[in-house]
Structures are given as C-alpha cells and as structure tokens.
1. Test of the criteria: in segment A:21-64, which GluC sites (Glu not before Pro) are in a DSSP loop and have at most 13 other Cβ atoms within 10 angstrom of their Cβ?
2. Ordering B:M233, B:M202 from largest to smallest accessible area (1.4 angstrom probe), what's the sequence?
3. Heavy atoms only, probe 1.4 angstrom, no DNA, RNA or ligands counted: give me B:S218, A:S234 ranked by accessible area, highest first.
4. GluC sites (Glu not before Pro) within segment A:72-120: which are DSSP loop residues with at most 13 other Cβ atoms inside 10 Å?
5. Measure off, as a whole percent, the carbon and sulfur share of the 1.4 Å-probe accessible area of segment B:31-75, all protein chains present.
6. Rounded to the nearest 10 Å², what accessible area does A:T65 have for a 1.4 Å probe in the complete protein model?
7. Where nothing but the Cβ of Lys and Arg (+1) and of Asp and Glu (-1) is charged, how large is the charge dipole of segment B:31-75 around its Cα centre, in debye to the nearest 20?
8. Report, for A:D206, each distance to the same residue's label point in the other copies, shortest first and in nm; define the point 7 Å along Cα→Cβ.
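The values are calculated or read from the model by the stated rules, or taken from the named source; none is laboratory data. Model, not experiment: these values are computed from the prediction. Because the Cβ atoms are built from the backbone with ideal geometry, glycine has one as well, and the counts that use them run over all protein chains shown. Protein only, heavy atoms only, side chains kept; ligands, DNA and RNA dropped before computing areas. Shrake-Rupley method; radii C 1.70, N 1.55, O 1.52, S 1.80 Å.
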Protein chains: 2
Amino acid sequence: MEANSAATGRAAAGETRASGGKEGRYHHGDLRNALIRAAIELAAEGGPDAVVLRAAARKVGVSATAAYRHFEGQSDLLGAVKEYGQQRLVACMEAVGRASEGVGPQAARDRMMELGRGYVRFAREEPGLYRTAFCRKALGAVGITEEGGLADAEGEQPGWETRSFELLTETLDDAVTAGLITPERRPGAELSAWAMVHGVAMLFLDGPLDTLTDEESSYVIDRVLTDVLAGLMSP
Amino acid sequence: MEANSAATGRAAAGETRASGGKEGRYHHGDLRNALIRAAIELAAEGGPDAVVLRAAARKVGVSATAAYRHFEGQSDLLGAVKEYGQQRLVACMEAVGRASEGVGPQAARDRMMELGRGYVRFAREEPGLYRTAFCRKALGAVGITEEGGLADAEGEQPGWETRSFELLTETLDDAVTAGLITPERRPGAELSAWAMVHGVAMLFLDGPLDTLTDEESSYVIDRVLTDVLAGLMSP
DNA sequence: CGCGGATGTTTACGCCGTCAACATGATGAT
DNA sequence: ATCATCATGTTGACGGCGTAAACATCCGCG
C-alpha cells in the first residue's frame, strides 16, 4: 500500500550480493531492489513474458521463495518492473520535450513532434521495457473523468500514466495558447495524440514496421505525427 | 506449409466428439478443428495467454499430447487461433465497409469512418480474439516494401494483414479518387490510419479507456477518426 | 485377411508459481 | 550479556505447463 519506489531506492549492491563482504551472507540486505533489477534485465531482454520469478531469484543467487518476503507473487514483481518502465518512458519524453523552449506556434509544434519522437524512440530502443510498461497484469487501474481527464482508481498518488498524460496535456495546452490548435479542437485531443503514438509504436514492435531502418522509421514517425497534428489543427 | 483453414473447414462435431456415435471413439475424426475451436473459446475468454494446449485438449476430451499429431506445438495452435481472429477482424471491417456505397467525397468519408468503427468495434466486442490476432508468437513475418506496401516473408499467399491492409488501401484510394484526400497526402496514409485505429483500440483494451460506456466510446472513436481524417485531408 | 501408417495414450522430464515448515540471524528488553 | 522475537531466507513439496519417447489402437489398402 505504501508506494513502491520501484528500484529508485538507494542501490547498495555491486553485482549479485549487497555490500562487498562475505559471499554466503544469509541475509541479502537489499533483496527487493536486487530482484527488481534482475527482473528489469529480464524484461528488457525478453519482454513481460520473460519476467520469471524463479529466473530473477536465480540471477540474484537466492532461492525462489525468498521473493515472497518482498512481493505478493510474480505479478507483483512484474508490476514493479512495469512501474520502472513507465518511469523510463516518461523520462524519455521529458528529455526531448524540454529541448525546444520557444514561444511561437512553431516552437509549440516542435515540442509536440519531439514529445512524440521521444515516445516512439523509447519504444524502439527498449521494446522489452515498453511492452512491460503496457503489460496488463497487476495494473493500478486508471479510470477517466469528463473530457479526457484521468483519475486513479484508489487515492494513490499520480502514477506514471497520469504523469505521462500530464506531459501530453501540458504540451497540448501549450499548443492552444500558442495558437497552434484552436480551443474548439482542444478537448479530447490527448486521445488522438496518445492513440497515434501508441499505435505507431505498436506497429513498430508487433506489426509490419518491425524491420525498418532508423532512417525509414524516422520518416514514418514524422509522417504520422505530422498527420495527427494536422488533424488537430484543422479548422 | 499448406494453408491452414483455421477452423473454417466443414465442422463435423456437435459438442466434444465428432459425429454423434459412441463416446469413447479412439479416433476423434476431426481433432485438429476441434482443438482449434476449443482454443478459440479459450482465447475469446482470456486472450492469448489463455490458449493453453493442455486446456484445449481437456476441453475436447483428449490427451494433451494428441495435439502434437496436428500442431507443431502450443505456438502453432496459437497461430491457428491468431489466424481465425484475423479473419474475424477482416470480416468485421468488410461488413461495415461495404455499407455505404455512394460515390461522392461524403460517401468516401463515411466509408473511412465505418471501416475504423468496425475495426474498433471488433476490438471491443472480442478483446480476447483481437489481442490474439496481434499476439507476437508464431507470426508469419510480414515486411514492408516502398511506401507502405506490404510483402509477405515467404511466398505464401496473402495473410490477413495483407487482406486487412488491402481493405484500408482500397478505401484510401477510393478517398483520393473521390477528392477527399489529395494525391500528395496519399502515400503512407495507411500508416497513419492504421496506427490511429490500432492505437485507440489498444487504449480501449489495455489503456485508460477500458471502463467507458458504449456511448462514450462511440464519441471517442468518432473524435479520433475525425482527427486522423482531418489530418489526411489537410492541404 | 493382414499389415502399415496415421492417430491417440501413457509415462516421464524439466520448468514454472506457490505454499508450508524450518533455519538463520538481527534487534530490543531484561 | 542473554535471550526471546520476528523479519528474512531455505528446503521440500504440489499441481500445472510444454514437450519428447514409447506404446496402443484403428483405418484403409494390398
């Protein structure tokens, strides 16, 4: 119930065990984070299906059932990896989103494009983590309010989806004040933008775009982002 | 290697066994299709992860290893279900796609909208099958040619993706000749359209739109489709 | 009629998630 | 310092999964 820091806690371990001392320490000292790190590696290499509890325990050098002292079960461990992947995605979006800081419509447009490029770039660079970030198993349910607003299921503090969504929302608001998008077209615009980037990312990972070169990909991404922006800007 | 009919063959079974005679017939007579039907039910209820070879065999009333006389393994059975789901999706798109038969730009627009609505409707009505249709396990690799054209990996006859893609391509060509979309914007338009519908479908299934009512969904779908069409129509 | 190949069964192996019972070691009260 | 307590990790076991090998049954063709 208290928010998982999902591997963001102070990492103490060097490789498999905690602080360098004896090998066979009965108590690990940082097992939870160590397991999460191992699970992240598994996810990065093989996607959500590769997040195998026993494999993570093996990687850390600990018995399988030890994980149950720190996670409710496999899907809970998977949930931790999911959260990590979500954070990474947000980071990737923020990194490029803050790149161009101008104020005109052109700058607003650039920010939208960069946000989308960052999203898809993460999906392409870390397909395993991206897939895990959207894996439907042990997910903190997120509902929707009026016109595109998101609401967490329980009173938990904003999860990634909220954060990622906020990022998009801010950029869209930005685009409105910059005169790029008309206020009438604003409500619900998140959905189109999100669906488009999510969709093209999926086509890259699971669909027919999985064998494109970086250059071809870049063309496709820009084309798709251009289209959705044009749609949002139309009269 | 010879094309799987994927449960489209003449169905002989009533419930679990083939033609009504004795219960304990040693030879089933139509095991392959029976297993596929069972697997389809599993997929429809629980998605691709629920397509468990042993469960399908159990449903049919046959030993687990019997399946290996008709499939290379679990992923092969899953592949058959996948193909079925793809056919169902195409059918759903064609059903509504042929609804409006006019010739003007408005009719072309209607057809585009209906095609998208049919796509998303299938995803919402049969989430398990839809997810299975896009499951990345034992997939017949599909590459991409020049500007959005698809090419099968081996010389196999067009799979669903090709057919589904053809449907979209035809409708887009239609939209061009009807004057709805300018020829300059035509190349690559499939990608935007496909990404958008796929993306919004995913948001409905795995994302934050999974709790919407039918009416809200309808609004969201139309909004998203309107946006992508506007994008494709923009100067 | 009889035999061979197709089809289905039994048995078994290793992997998985998970539970119960036990072992170990850190921690705080006496 | 001593020792009970409790968190943490281990062993062993169970059932379910995918799959391979060996065996059983039956259909169809000579």
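1. A:E23
2. From most accessible down to least: B:M233, B:M202.
3. Working: B:S218 60, A:S234 15 Å².
In descending accessible area the options line up as B:S218, A:S234.
4. Sparse-neighbourhood loop GluC sites (Glu not before Pro): A:E72, A:E101.
5. 48 percent
6. Spelled out: A:T65, probe radius 1.4 Å, area about 100 Å².
7. So the dipole magnitude of segment B:31-75 works out to roughly 220 debye.
8. 0.6
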